[in-house]
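Coordinate-derived values only; no laboratory data. All values derive from a computational prediction rather than experimental measurement. Neighbour counts run over all protein chains shown; Cβ positions are idealised from the backbone, glycine included.
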């Protein structure tokens, strides 16, 4: 019999125990009667000999070993009854805790999805390992490396290769660019993915380059694009303008090995060379080049091999490979580069830089919600202490009746854990709602980089919430329980409710809680303030171009198999067609979008002087159409713009930004002096062009970073600097969104299998640049205000309690002639003392904390005095209100009644 | 009142096991048997008899069934499990070794004094 079994049959056991003891007493009694005692005397003696049935029963229960559980049940019953009897109190506390716990559950769900969750694979996901080179920021392997590692290692049951790239999916008017996976033939076998339909790759489909155009589709892609058509397997679809046979569909829920990126389809890596990701001349076989380290690898540990053993074995092979094939020095950016290979279990996001970002944000968000929970705990502890004062008599009675202090503390803690669990239940609903809200803040990456993050609750979320609730219950319940169970029985029973000693100490506890709350919410709000300032900066900063009313659309003609002549013609004709659309002012082609994710730079050398190779200036290499500057809204400061006469046959010309002009020719006073000078651009300084104009600096910077100063930039005519990857920008009369479908039609009219990419207002790209600041401000702002609200309630509660305790004193003062003002001053002063101490601690805390935020802030320092001062003032004014209300109530006290009461 | 002798710590369990090992028996009979066999020297405080029985049952050394007595009443009869039997044997052997050692020591000290 196990303890829970015994517990379940508790009633039966009690009955049997009763029966057993009665049997004993009866037998003993009859024996005593036989010895000549009267029945009453016999019964008395038998009872005496046994030692009191109740005590014996207690001891037997102890012996049974389920006592703690029985007591727990009893505590739970008492707790539930107490809470039911005070519905108002229970509701307030549970709601407060729901806020605190719900926020933590929501963030845990996020952290789980970002950092902790294993891949959604049924077959032993703990055996899967990713190969990571060095710090894990780049890709890991070349194809020859992969082949060697796969053949030579004896620690992995198998190793698979993967890589991702955009693929243009031709689908008539609904052509689009999707994220495709190029994988080795054993990829699905290593992961243990069985197709929902059809099959996965055969060994011969992964043996010879370019011979097997087959594709496996993601289940959700198949659902949404092909309406779950079961006859699709065996048919062909168009990828990068080439026909591929669909051989299988993955099971639902699998999006590839690199969440949160969602891979829509998989092709054998042997098809890579025919997919045209590289420009024609550079299109060498990526499968034979050991320097082409563009692949990732995922393997499965052999049974009984630990990840540490496997890593050592893999690293040994890696070192042999490195020695046999040393990287040529020019490929080695830094001789100290960490070239070792490490093995990691895939958990959450594994892409190095994004994982780091996710980890930073998670720490920040985690600290924030934990702070909110602490503030909530302080509040609840406060309430419980106030209530403990009213329960002193109950406690005293139980102590007097022989309850031990430990037992009493346990019972009070059970009650607070019950409260926390009630709060946690409500918190789960809140967390669900918060997560819906958080998903609205997901980074709006342009397709094909779909950001798929599953924030639904799993058992881990529930387990986390449960444990957090229990811990919370103990944390906020411990101090009040210790306080309440202090065995000062006599004064409590005698109703000396205002006995001096305990009261003063209780107030000190409560004061400490208020100080903590003020400090924590102040630190939160200061962080919020800094993010708000960053956001404002992002909105107000002079970008150097005007993104409003501009629509953008990008193309990758290389994927589509266009040669340069076809490409030039396409950009020419789509530009003309778009300019003719109603509502369009101007349109222009450009190879780079401002604040986009692609950036090209080139060395620029002035021809009128010698420049050492190391001192060459690097500038953004932008090629644009003749109407570019009007369309993007960047003013030309000097000289002329490009015209239709600047063709591939005419003399090479360039427009430089003011910053570039001053870098190249530091002596010039006016940027106009740069006109007519000549510069050389290109890898080998091969192209010589004349500067015909100077443009205003523009924050068309790298990688969507709005916080960096404008890069020096050189603009050249698109006709003289062709790019197969280019965009059109279109300045419209009104809302650029209105033109999206018209643009789609114009593109399809020229090539129905060519997918327009990034088809969205330019302002969205710009807003992506301030995404982290906006998200930070929103998340911290919500929680910061929540924290302040809780802190204000806390101050209010403490002051109210203090006022109610001092009713007699206040009455006396007023009877002796104190003015209303004096009384208010007295009370407010007491509250403000606590607030100010809390504020000082909070500022110190904020200085320590905001330094950690510095990497996420721009346009404002981490110790911005204005933000600090503003927030401190705000918090103090809230505290003043929270003190004033109870103070005013105190002055309404009727002196006579105050003196008579108690 | 009969002369009482305090039981050394831990011996109650051993005695109960021994008594129960002789055949299924209910609580009151255990007390009586102990008293009779020890000729009144060992008097088990009845208050600690039942907790001890329950403890042994809880440890799996005893098992209990409800049966009818000769007088037709239902009573809880204890019997020794296999585990209890083993436990009884090791403990009895240990006890014997201990008492022999103790009596040896006692004799020796007599000899030393004489």
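Tabulated data for the structure shown
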| quantity | calculated |
| --- | --- |
| Average other protein chain Cβ within 10 Å of Cβ, residues B:44-52 | 6 |
| Extension gain, residue A:124 back to residue A:789 (0.36 nm per residue minus Cα-Cα distance, nm) | 234.7 nm |
| Between 0 and 90°, nearest 10: helix B:82-113 axis offset from chain B longest Cα axis | 20 |
| Relative contact order (%) - criterion: Cα under 8 Å, at least six apart; region: segment A:759-902 | 45 |
| Simple label model, 7 Å out from Cα along Cβ direction - residue A:211 to residue A:290, nm | 2.6 |
| Point-to-point label distance, residue A:323-residue B:93, nm (Cα→Cβ direction, 7 Å offset) | 6.2 |
| Cβ-Cβ FRET estimate between residue A:686 and residue A:467, R0 fixed at 60 Å, reported to 0.05 | 0.40 |
| Tensor-based shape of segment A:715-805 (alpha-carbon gyration tensor, a/c under 1.5 rounded, otherwise prolate or oblate) | prolate |
| Normalised contact order of segment A:125-346, rounded percent, pairs of Cα under 8 Å and 6 or more residues apart | 36 |
| Within 10 Å of each Cβ in B:23-32, the average number of Cβ atoms from other chains | 3 |
| Residue-span extension gain [residue A:241 to residue A:345] - 0.36 nm each, minus C-alpha spacing | 33.7 nm |
| Length released on extending from residue A:885 to residue A:12, taking residue separation times 0.36 nm less the Cα-Cα span | 308.5 nm |
| Segment A:3-65 - percent relative contact order, Cα under 8 Å, separation 6 or more | 30 |
| Relative packing of A:49-62, A:788-801, which averages over residues the other C-beta atoms within 10 Å, highest first | A:788-801, A:49-62 |
| Residue-averaged 222 nm ellipticity for chain A, from DSSP H runs of 4+ at -39500 (n - 2.57), nearest 500 | -17000 deg cm²/dmol |
| Gyration tensor verdict on chain A (Cα atoms; rounded if a/c is under 1.5, prolate if a/b is larger than b/c, oblate otherwise) | oblate |
| Burial ranking of peptide ranges A:829-840, A:775-786 (average Cβ count within 10 Å, highest at the top) | A:775-786, A:829-840 |
| FRET efficiency for residue B:83 and residue A:458, using Cβ-Cβ distance with R0 set to 25 Å, rounded to 0.05 | 0.05 |
| Rounded, prolate or oblate (a/c below 1.5 giving rounded, otherwise prolate when a/b exceeds b/c) for segment A:547-683 by Cα gyration tensor | prolate |
| Rule-of-thumb Rg ratio for segment B:11-113 [Cα; 2.2 N^0.38 Å; N residues] | 1.28 |
| Helix A:352-390 vs. chain A, principal-axis angle (Cα, 0 to 90°, nearest 10) | 20 |
| By average C-beta atoms within 10 angstrom, highest first, the peptides A:557-565, A:180-188 | A:180-188, A:557-565 |
| Mean-position separation - Cα centroids, segment A:25-85 and segment A:95-135, in angstrom | 52 |
| Angstrom value of the Kirkwood radius, inverse mean 1/r, which spans all Cα pairs in segment A:731-872 | 21.1 |
| C-alpha long axis of helix A:564-580 to longest principal axis of chain A, angle in ° | 70 |
| Number of partner chain Cβ atoms within 10 Å, mean per residue of B:69-80 | 2 |
| Label-point separation in nm, residue A:750 to residue A:829, each point 7 Å along Cα→Cβ | 8.0 |
